[in-house]
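Have a look at the structure below, then the notes.
Just so you know, all these numbers are worked out from the coordinates, no wet-lab data involved. All figures in this text were calculated on a predicted structure; none of them were measured in a lab. Cβ atoms come from the backbone with ideal geometry, glycine included; neighbour counts cover every protein chain shown.
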Amino acid sequence: MTSLNKQKLFIKTWGCQMNVYDSARMADVLAPLGYEQTDDQRQADLIILNTCHIREKASEKLFSELGRLHDVQVDRVKEEGVNVMIAVGGCVAQAVGEEIARRAPYVGLIFGPQTYHQLPEMLARAAREGKVVLNTDFPVEPKFDFLPSAQGQRGSSAFLSVQEGCDRFCSYCVVPYTRGAEYSRPMADIVNDARELLRGGVKEITLLGQNVNAYHDEGSGKKLADVIEALASMPELLRLRYTTSHPLDMDEALIAAHRDVEKLMPFLHLPVQSGSDAILDAMNRKHTVGDYRHVVELLRSVQPKLALSSDFIVGFPGETDKDFEATMQIVRDITYVQAFSFIYSRRPGTPAAAMKNQIDEKVKKERLAELQKLLRDQQIAFNNQAVGQVMSVLLETPHPEKGHIFGRSPYMQAVRVKGCDPSQVGQEVQVQITCAFANSLAGDAVK
Ligand code: 5AD
Ligand code: SF4
């Protein structure tokens, strides 16, 4: 490995945890070339925009950001003689790469989500050729085989990617087209990565995948429950989570893991999207509301403390007032401690975009506001009932105020803990909760 002058790398990430994870891996791939991350984009020699295409206006947002960055690029050459390389990665690059090359010719590199392990070669080519390099093919070999394994400590909590892509083809969703077919990493690689993370001081691992509970190791036939069991047996690991799941892939062994594996936290993101069978059918979710309720019942029967979170889409084509009311009803019945809710957005190339019965924007907005109020009330009620309880909190990062540390409850609530020392980051401590807010809790460490 040659030693180079340190170059500064700035990565801006849009979208889901998968993209946050991908950005971290891009930084890993580039570190041996001498790239050091910076938070200041005006200092950067290389700027990567890691984009997300899941909802509307993604490309407009990208083009306005690119316009701003072009000004920075021009200023840096004039003022400092520095040539800033701008690269666009992720799902928007995959979907509209050619348009980016045409409209923003000052971009040096455009690369899809399946290609970032080739970043060093692609950057060298872009610098050498002085014209835009476009790489948005799906390579035959899975990218996981080429990536350096997980490195070092990223706080006390880390993501570990186990699965990528999705074969479910929900009718509104671009993921199967932009991220490609489902691919699961061999379990042995995941176990090695987990060991390395733990050696670096990580205490909590979140297993990550677009459809994580569809995980199946082709070679050994191992499923997600097996991965959970293997990781839970590592003594340094304190907590395990996984995200994001499809209700139909919640198999018996995974449900049983919520009973048997103490390190598996009692919080689960299990999207239902809609509370109406007609809409679920049109969404091609392939499950009914009854199926979802049944899975939740099974999960709660083995783990009564389980707290749930979900994704919702309102204003899907053909959604009537009655369908929307059914969504409100499932929220009332299940009760969520946290949730993401979205207005349906027409993604070109997906079956739902071609449906005739699109819903009026005003109606969509009203429905979203009503749903979000209910979800917010449930979140606040859940946070409020924590006051007075003693909870186990994993200390993650020092808080700017001295003597305070930021951590997380088993239910993913952010907790500001008083009475701890920064040396305790990475420990699980008992905390008496004294205050609740809409999005966080505060409390005192129990001596
Ligand atoms: N419109 C609105 N929301 C969408 N999602 C995915 N595609 C769309 C779309 N076209 C939401 C789903 C999914 C989450 C990650 O994003 O709720 O679970
Ligand atoms: Fe998209 Fe459906 Fe796959 Fe989730 S399960 S990534 S919503 S196609």
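Just the residues that are part of a loop (DSSP other than H, G, I, E, B) and either surrounded by fewer than 15 Cβ atoms within 10 Å (Cβ to Cβ) or within 16 Å of ligand 2 (Cβ to nearest atom) (or both), please, taken from segment 356-391. Correct list: LYS356, ASN357, ASP360, GLN385, VAL387, GLY388, GLN389. For segment 204-248, residues that are hydroxyl-bearing (Ser, Thr, Tyr) and within 20 Å of MET412 (Cβ to Cβ) total 5. Let me confirm something: among GLU204, GLU164, which residue is within 15 Å of ligand 2 (Cβ to nearest atom) and buried (at least 21 other Cβ atoms within 10 Å of the Cβ)? One residue alone meets the criteria, GLU164.
The rows are residues; the columns are (1) farther than 30 Å from ARG239 by Cβ; (2) within 24 Å of the chain's Cα centre (by Cα); (3) within 16 Å of ligand 1 (Cβ to nearest atom).
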residue: GLN273; (1), (2), (3): no, yes, yes
residue: ASP281; (1), (2), (3): yes, no, no
residue: LEU298; (1), (2), (3): no, no, no
residue: GLY315; (1), (2), (3): yes, yes, yes
residue: TYR336; (1), (2), (3): no, yes, yes
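Close contacts from segment 47-70, counting a first residue that is farther than 13 Å from TRP14 by Cα and among the aliphatic types (A, V, I, L, M) and a second that is away from ligand 1 (no atom under 16 Å from the Cβ) and in a helix (DSSP H, G or I), with Cβ to Cβ under 7 Å and a gap of 6+ residues or different chains, come to ILE47/GLN41; ILE47/LEU69. Based on what the data block shows, is ASP277 crowded, with 16+ Cβ neighbours inside 10 Å, under 25 Å from SER345 (Cα atoms) and away from ligand 1 (no atom under 16 Å from the Cβ)? Here the answer is yes, as ASP277 does meet what is asked. When ILE190 is tested against (1) in a loop (DSSP other than H, G, I, E, B); (2) in contact with a Leu (Cβ under 9 Å, 6 or more places away or on another chain), only condition (1) is not met.
Yes/no matrix, rows are residues, columns are (1) surrounded by 15 or more Cβ atoms within 10 Å (Cβ to Cβ); (2) hydrophobic (A, V, I, L, M, F, W, C):
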residue: ILE11; (1), (2): yes, yes
residue: MET18; (1), (2): yes, yes
residue: ALA27; (1), (2): yes, yes
residue: GLN37; (1), (2): yes, no
residue: GLN43; (1), (2): no, no
residue: LEU46; (1), (2): yes, yes
residue: LYS57; (1), (2): no, no
residue: LEU62; (1), (2): yes, yes
